[in-house]
Amino acid sequence: MTNMKQDSCRTCGAGLEVMKKCNVCSQANQFFCHNCGYEGEEQIHFQCMLISCNHALLGA
């Protein structure tokens, strides 16, 4: 699994904070900037998506 790392805002250069974490692996997958309001796009972990889909299918 790749580790998403983002230290500074693409718009203003200020530090970013975690906005969302993956519900499967609990790693950060979306960041935001308090300074300018920038919200990065949510990064979907392919392996986690497959795990989640398999779990949903097994629960059906």
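The values are calculated or read from the model by the stated rules, or taken from the named source; none is laboratory data. What you see is a predicted model; the values in this text were computed from it and never measured. Glycine also receives a Cβ, built like all others from the backbone with ideal geometry; neighbour counts cover every protein chain displayed.
Could you tell me whether segment 43-53 includes any residue that is of a type in the set (A, V, I, L, M, F, W, C) and modelled with pLDDT of 95 or more? Checked segment 43-53: no residue is of a type in the set (A, V, I, L, M, F, W, C) and modelled with pLDDT of 95 or more.
Pairing each residue of segment 33-51 that is closer than 17 Å to K21 by Cβ with any residue that is in a helix (DSSP H, G or I), provided the two are 6+ apart or on different chains, yields no C-beta distance under 6 Å.
Select from segment 28-38 the residues that are surrounded by 14 or more Cβ atoms within 10 Å (Cβ to Cβ) and out of contact with any Ser or Thr (no Cβ under 9 Å at 6 or more places or on another chain) and list them in ascending order. Matches in segment 28-38: A28, N29, Q30, F31, F32.
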